[in-house]
Each structure stands twice: as structure tokens, then as C-alpha cells.
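Enquirer: Can you read through this structure? Questions will come right after.
The values are calculated or read from the model by the stated rules, or taken from the named source; none is laboratory data. Nothing here was measured: the structure is a model prediction, and the numbers come from that model. Because the Cβ atoms are built from the backbone with ideal geometry, glycine has one as well, and the counts that use them run over all protein chains shown. To get the accessible areas, we keep the full protein, side chains included, count just its heavy atoms, and leave off ligands, DNA and RNA. Shrake-Rupley method; radii C 1.70, N 1.55, O 1.52, S 1.80 Å.
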Amino acid sequence: MKREKIKDILAAGKVGDSVLVKGWVRAFRSNRFIQVNDGSTIKNIQAVVDFENFDEALLKRVSTAAAVAVSGEIVESQGAGQSIEIKVSEVEILGDANPDDVQKTVMQPKKHSLEFLREQAHLRFRTNTFGAVFRIRHAVAFAINKFFNDRGFYYLHTPIITGSDAEGAGEIFQVTNLDPLNLPIAEDGSIDYKQDFFGKPVNLTVSGQLEAELGAMALGQVYTFGPTFRAENSNTSRHLAEFWMVEPEVAFNDLKDNMDLTEDFLKYLSNYVLTNCADDLQFLNDREVNEQKSKPQKDRSELTLKERLEFVVNNEFKRLTYTEAIQVLRNSKPFKKKKFQYDVEWGIDLQSEHERYLVEKEFKCPVILTDYPAGIKAFYMRQNDDGKTVAAMDVLFPGIGEIVGGSQREERLDVLKSKMADFNIPEEDLAWYLDTRKFGTAPHAGFGLGFERMIMFVTGMTNIRDVIPFPRTPQNAEF
């Protein structure tokens, strides 16, 4: 008999069908009721055995976390909690799980802290919470590719090993095959990278944007979706050393076009989760509601997880300049009553508390801020006519603050060279990038979405380490 997925059996619900399911035991009660889950859905299927028809030694092996194959007939359930169940005719143990070992792991059937679950990241997939998170992660990844494919974008695989630092931040992981105990030294005393594998210093990419611009200037519209790396020694709940980025680039788009694309994209992803991940989303929504009850009233979220997704889907994004946002914040009650932890003044980057105030209190909708001071944004952003600001944009969401950053790119060769000089970026390091401004330069724009930041938003998880299968953080590179 061919194995069927539990998700499909529960959806079809055909009483009288003979089925074979394979999965892992979540619980075995009264030597009669086996709760089996195969990962295809957050829901278990109940398999009912008549212990008199089975060898006692076999049933003793049906323990939590054991892998089993169960055959039988679908019948209407006589108990509460499920409409159908399997009347078992055969049980096979595919993999044993020692109960004593299970008691030491996250597979023990009880509530565990997220910190404990992170310590056993190789096993946490078996829990309801992380099963839901990673099924939704898959759904969002699929939706990203579908969104761009349906709109005629080309998926461009930009390099992971690169000689450029797109952000100019310097927080990079160097890549080398030189022997650290026997480094070749040049005449001036520096490391002789000509003897390295690539003949020069290279690093893991911090962004695929610059390479994506090259593709856009020939293919029209492209996107990258791949891993990026930052050697930032930060242990906060919002930082990873390895994370994934989604970065579209579109030739002939200006800042307004860029905002329109971003809003459509974020609404699409949010709606996709609401439409296609109902069971997992409901579980995570209920989980968050229960957690909120233990928090002080002032720390509770005003919107549930599902309401936040609907908030994005159902509201037009408010658009205003950075300068206008500064005025709003400085006129706000929290600023006047000194309730903000961080100061608000023109020329400094906004903090999460400021961004969330604009979204959740002032405008009560997602917000796009534009035209930031040039001094706090990257060299490739287009200089505005005022000489002080650039055609940048940040998208702000409830509960999280900034979720997307983007800009119209600087297409004018002379201005770009001047800005690179201001950022101390040698022209020879990015000669290939400058070439695109010499041969048919044109306005173009794009943005970057931190994939894990989006997964945090759509799952309600508050630590970025809980939305990536194997987090890479300072002093942690397990698996």
C-alpha cells in the first residue's frame, strides 16, 4: 500500500478507505490511542489499536518520538478532538526512541522555553511551534519566487564570494585558503594576497544588490534571493551572522515605482500566509495570545498575529519624508513628555521605538519614509536636488519597525564617483560597477527585504534565531 500524508487524509476524510501513514509518535495513551504526526501538517491523526490484537512487546516500543508505520481503515471518531481516526490493523516500528533519552530532549511532551529549544536546534523541528514556523518559512519562500516570476522578473544568482563590500561597513567575513600559521608576506610587510586562491582579498557577500544592478541594466528586472553575511559581533534578538536577503532591481524605475512595487510585494506575502497557512498561523496566533496574558498590560501587543497581517493587507501604506516624520515625532506626546528612550533630531537614524510609534500610534497603518539625510545612507543612493538628502525609502511595520530598505540608485557617473570618494571607496575596486554608468546609464531602483525579518513578522516570533533552521551567531556555529 502506498503511504499517504496525514494532511491529505485529514483533508479528504473518506470513511472506509484503507490507508498507510508513516510518522512519529506524539503521544500513546492507554495502550490504545496513538497520536501520529508526519510533518505535513501541524495536526496529528489518531490511530486506535486494540491491544489484545497486538504483541505487548511491540506496543511497549510505541513511545513518544518513535517512528512508526500504521495501516488501517479510516472510521468516524468516537471521541472529541477529531472527526476521523484510523482503526489500526498493523503497526510497524521504523525507529525506536528510548523514553529515558526523550526525557532529556525537546521531544519530551511538555512546554519548553525557546532558549532550551535553541540548544537542541537539531530536534526542535519536531515541536509544534517550530514545525509551524518552518512550514510558513517554506510558504513565504515559495510566494517570493511566485510573485516575481508572475511579474516577469528574472531570478539572478549573485555570488556568495565577492571582492566588494556593498554597504561599505567593513563588517565582513574574509575568505582565504592561505595557511594562517605560514602567511606569505610582501616586500612592504603586508600579506601577499597574490598568492591566495583568488589572487586578492575576498569576502562573503553582504548583499547581492550591486551585482543585481548589472543584471537589471540588461534584463530589465531581476531579483536575488540568497544568503548574506555580516561579521557583526552582536547577540541581540534581531541579528544573525548568516541570513537571507531578497533584493529586486528594476531598470527605469524611480522612487515612486519602487514604493509601489514594495507595497504590492509585502501585501502579497502577508495575504499568501493568511490564505495558505491557516492551521499553522492559527496555532502561532493562539500561542502568542496565551503568552501576552502573562505580560504587563503596557507590554502587550494591541493586535494579534493574524490582525497584524490583515493590518498590512487591508491598509494603504502612508508615505511621508524623513523630514516630515521628524516633525511628527518631535510634536508627539511621548517626545514632549520624554517617554522616548532615544532622542529625535534631523540627521540621525530613527530607532525602532520611533518607527513603531509612527505605524501603531500616529498613522495606524504601514508607513514608508523617504528622502533620508545622505550622511546616514549608502553611497549608491541617488542624490536629491537639495544636496542634503537621497532618494531612499524604509518601510515600517507594526510590532517590528523597519522591514524593508531601498532606494533609487545613483545613475549619474560623476555624482557616483564623487559619493564613492566621500565614502573612501577606491574607484578601481568597483570599476565594473561604474561601467554600467558609462554604457547606457538609466534610472533604476530596488530594495532589500531581510527574509528572516519577514518570517518574524508573519509568525510572531520575537527572536530572529527562531525563524532560521540553524542560526549563526557570535561563538555559535553548530551543525
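Enquirer: In segment 336-357, how many are farther than 23 Å from G405 by Cβ and either touching a Phe, Trp or Tyr at 6+ places or on another chain (Cβ under 9 Å) or not in a helix (DSSP H, G or I) (or both)?
Expert: 3
Enquirer: Being hydroxyl-bearing (S, T, Y) and either touching a helix residue (DSSP H, G or I) at 6+ places or on another chain (Cβ under 7 Å) or more than 27 Å from A431 (Cα to Cα) (or both) narrows it down to one of T176, T105, so name that one.
Expert: Exactly one of T176, T105 is hydroxyl-bearing (S, T, Y) and either touching a helix residue (DSSP H, G or I) at 6+ places or on another chain (Cβ under 7 Å) or more than 27 Å from A431 (Cα to Cα) (or both), namely T105.
Enquirer: Being open to solvent by less than 20 Å² (accessible area, probe 1.4 Å), free of Cβ contacts under 8 Å to residues at least 40 places away in the same chain and either under 21 Å from I403 (Cα atoms) or of a type in the set (D, E) (or both): is that true of D179 here?
Expert: no
Enquirer: From the list L329, L416, L350, which one is crowded, with 17+ Cβ neighbours inside 10 Å and in contact with a His (Cβ under 7 Å, 6 or more places away or on another chain)?
Expert: The conditions single out L329.
Enquirer: If you don't mind, there's one more thing I want to ask. Just to be sure I understand the filter: pairs with C-beta atoms under 7 Å, separated by 6 or more residues or on different chains, first member in segment 427-445 and closer than 17 Å to G220 by Cα, second member β-branched (V, I, T) and surrounded by 14 or more Cβ atoms within 10 Å (Cβ to Cβ). Which pairs pass?
Expert: Close Cβ pairs (under 7 Å, with a partner that is β-branched (V, I, T) and surrounded by 14 or more Cβ atoms within 10 Å (Cβ to Cβ)) amount to H444/V250; A445/V250.
Enquirer: Quick one: in segment 31-69, which of the residues that are of a type in the set (A, V, I, L, M, F, W, C) and in a loop (DSSP other than H, G, I, E, B) is nearest to Q82 (Cα to Cα)?
Expert: I42
Enquirer: Every residue in segment 42-67 that is polar (S, T, N, Q) and surrounded by fewer than 14 Cβ atoms within 10 Å (Cβ to Cβ), please.
Expert: Result: N53, single match.
Enquirer: Please pick out the residue among G39, G79, G72 that is open to solvent by 20 Å² or more (accessible area, probe 1.4 Å) and over 36 Å from the mean Cα position of the chain (by Cα).
Expert: G79
Enquirer: Also: State whether one or more residues within segment 105-117 are basic (K, R), modelled with pLDDT under 90 and assigned to a loop (DSSP other than H, G, I, E, B).
Expert: Yes, segment 105-117 contains a residue that is basic (K, R), modelled with pLDDT under 90 and assigned to a loop (DSSP other than H, G, I, E, B).
Enquirer: Name the residue, out of A421, A431, that is more than 29 Å from F153 (Cβ to Cβ), open to solvent by 20 Å² or more (accessible area, probe 1.4 Å) and either among the aliphatic types (A, V, I, L, M) or touching a strand residue (DSSP E or B) at 6+ places or on another chain (Cβ under 7 Å) (or both).
Expert: A421
Enquirer: Are any of the residues in segment 418-426 modelled with pLDDT of 95 or more, closer than 24 Å to E249 by Cβ, hydrophobic (A, V, I, L, M, F, W, C) and in contact with an Asp or Glu (Cβ under 7 Å, 6 or more places away or on another chain)?
Expert: No, every residue in segment 418-426 fails to be modelled with pLDDT of 95 or more, closer than 24 Å to E249 by Cβ, hydrophobic (A, V, I, L, M, F, W, C) and in contact with an Asp or Glu (Cβ under 7 Å, 6 or more places away or on another chain).
Enquirer: Does any residue of segment 384-406 turn out to be touching a Pro at 6+ places or on another chain (Cβ under 8 Å), modelled with pLDDT of 95 or more and charged (D, E, K, R)?
Expert: Yes, segment 384-406 contains a residue that is touching a Pro at 6+ places or on another chain (Cβ under 8 Å), modelled with pLDDT of 95 or more and charged (D, E, K, R).
Enquirer: If you don't mind, there's one more thing I want to ask. Any residue in segment 100-114 that is within 22 Å of R29 (Cα to Cα), among the acidic types (D, E) and open to solvent by 20 Å² or more (accessible area, probe 1.4 Å)?
Expert: Looking through segment 100-114, at least one residue is within 22 Å of R29 (Cα to Cα), among the acidic types (D, E) and open to solvent by 20 Å² or more (accessible area, probe 1.4 Å).
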